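Report on the following structure.
The values are calculated or read from the model by the stated rules, or taken from the named source; none is laboratory data. These figures come from a predicted structure and were not determined experimentally. Don't worry about glycine lacking a Cβ; one is built from the backbone with ideal geometry, like all the others, and counts go over all protein chains shown. Just the protein is used for accessible areas: all its heavy atoms, side chains included, with ligands, DNA and RNA removed. Shrake-Rupley method; radii C 1.70, N 1.55, O 1.52, S 1.80 Å.
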Amino acid sequence: MTLANATVRSGRHGPPGPSRTGGRPDRGAGTWFLVLPALIPILVLSVGPLLYGIALAFTDAQSGRTRATQWIGTLNFQDLLHDGLFWESFRIGLVWAVGVTVPQFVLALGLALLLNENLRMRWLARALAIIPWAMPEVVVGIMWRLVYNPDAGILNETIRDLGLGDGRDWLTGLATALPAVIVVGVWSGMPQTTVALLAGLQNTPHELHEAAALDGAGAWRRFRTVTWPAIRPVALSITALNFIWNFNSFALVYVLTSGGPGGRTRLPMLFAYEEAFRYGQFGYAAAMGCAMVAVISVLLAVYLAGRLRGGEDR
């Protein structure tokens, strides 16, 4: 056998050369296999119920019916457009969301600025500041019901001790129910905003503050030119999330007032809950849920468009 034949023969039966992908194995199947444990719960617990709820909105599903559920198209949405009670609850939901989100952000920003200073026992102050965040909403609601109790609540007792009057029933008064609930919403949701803003403040280079102080900038100017530009992305993100969470609130308001008095605190989620589980109108309640999802999606789209536009400008 010649040397050329031996070379050809050994080339045929030798190890394969490098593949078109550079010799790297295909990792697509392995990646999907690793993602599945996290993907399946999302599909089952989030995406599946969402799609089922959207489909239910186009039916006349009711509780206790003996005949099969019928497909009725957009009839539920047509009824929703003319439902004054729903739009009133929607208005209350917007008032609630804005009334909680704005004071929540302002107070949390002040608290974050305070906790960012080099104070004694700062670790204890930070731990105490997040206590409301660690409490379940049901517990918060029960606790504040005791605070607002007209006979033995600490708020009315304080008013009487200061000689400011006999107090009042805060959660059943038509004029005071919504403001009283907003106060609880601000108190319970402020810690998470504080933590987010405090993280943004701690990521701000201290040298920038020192340089601004050397240039003669006062506290307000340093905040406006150094602090706010640094925490602005965090502030916009947490404010948008807070607005969405507050608009979709249910447990806290349900424990405090159950939507009363006279529907003064009936948020859209409470209205949908009553339609579904008190009156058995599952299809109509699902249509309300779809309307709220649509509104939240529009708000998110506007927010994301603003963020992308701001990123392009920078």
What accessible surface, in Å², does a 1.4 Å probe find on MET269, ignoring ligands, DNA and RNA and rounding to the nearest 10?
60
Let me have the 222 nm mean residue ellipticity of the chain computed from DSSP H runs of 4+ only, each contributing -39500 (n - 2.57), with the sum over all residues rounded to the nearest 500.
-21000 deg cm²/dmol
One-quarter of the Cα convex hull surface for the stretch 143-222, in nm²?
8.6
So for the pair ALA127, LEU241, with labels modelled 7 Å out along Cα→Cβ, what separation do we get in nm?
2.5
At a probe size of 1.4 Å, how large is the accessible area of TYR273, to the nearest 10 Å²?
80
Counting only the heavy atoms of the protein chains, how much of PHE86 is accessible to a 1.4 Å probe, in Å² to the nearest 10?
0
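Only four residue types carry charge here, +1 at the Cβ of Lys and Arg and -1 at the Cβ of Asp and Glu. Report the dipole size of the chain about the Cα centre in Debye, rounded to the nearest 20.
The dipole magnitude comes to about 1300 debye.
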For the stretch 51-99 and the stretch 134-157, what is the separation of their Cα centres, given in Å?
33
SER89, SER46, reordered so the largest accessible area comes first (probe 1.4 Å):
SER46, SER89
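Once the Cα gyration tensor of the stretch 54-211 is found, what semi-axes does its equivalent ellipsoid get, as square roots of 5 times the eigenvalues, in whole Å, sorted largest first?
Numbers: eigenvalues 333, 145, 45 Å².
The three semi-axes for the stretch 54-211 are 41, 27, 15 Å.
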For the stretch 160-285, the fraction of alpha-carbon pairs in successive 10 Å shells from zero, as %
11, 26, 22, 19, 15, 5, 1
Over the Cα atoms of the chain, how large are the radius of gyration and the largest Cα-Cα distance (Dmax), in Å?
28.9, 117
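For the stretch 99-190, what D do you get in µm² per second when you plug the Kirkwood radius from alpha-carbon pairs into Stokes-Einstein at 25 °C and 0.890 mPa s?
On the way: Rh = 14.9 Å.
My calculation gives 165 µm²/s for D.
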Given R₀ = 51 Å, FRET efficiency for GLU88-ALA213 by Cβ-Cβ distance, to 0.05?
0.45
If amide hydrogens are placed 1.01 Å from N in the peptide plane, which non-local residues have theirs closer than 5 Å to the one on THR59?
ILE72
Please give the peptides 32-42, 54-64, 202-212 ranked by average Cβ packing (other Cβ atoms within 10 Å per residue), highest first, as a rough proxy for protection.
54-64, 202-212, 32-42
Top to bottom by accessible area (1.4 Å), largest first, where do PHE77, PHE247 land?
PHE77, PHE247
Which helices of the chain meet both criteria: a Cα extent of 30 Å or more along the helical axis and a mean Kyte-Doolittle score no lower than 0.5, with helices taken as whole DSSP H segments?
84-115, 177-202, 282-313
Counting only protein chains, not ligands or nucleic acids, how are TRP187, TRP245 ordered by accessible area (probe 1.4 Å), most first?
TRP245, TRP187
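Return a whole-number percent for the relative contact order of the chain, with Cα pairs under 8 Å and 6 or more residues apart as the contact set. Please list the in-between numbers first.
Numbers: 291 pairs, mean separation 83.8, N = 314.
Relative contact order for the chain comes out at 27 percent.
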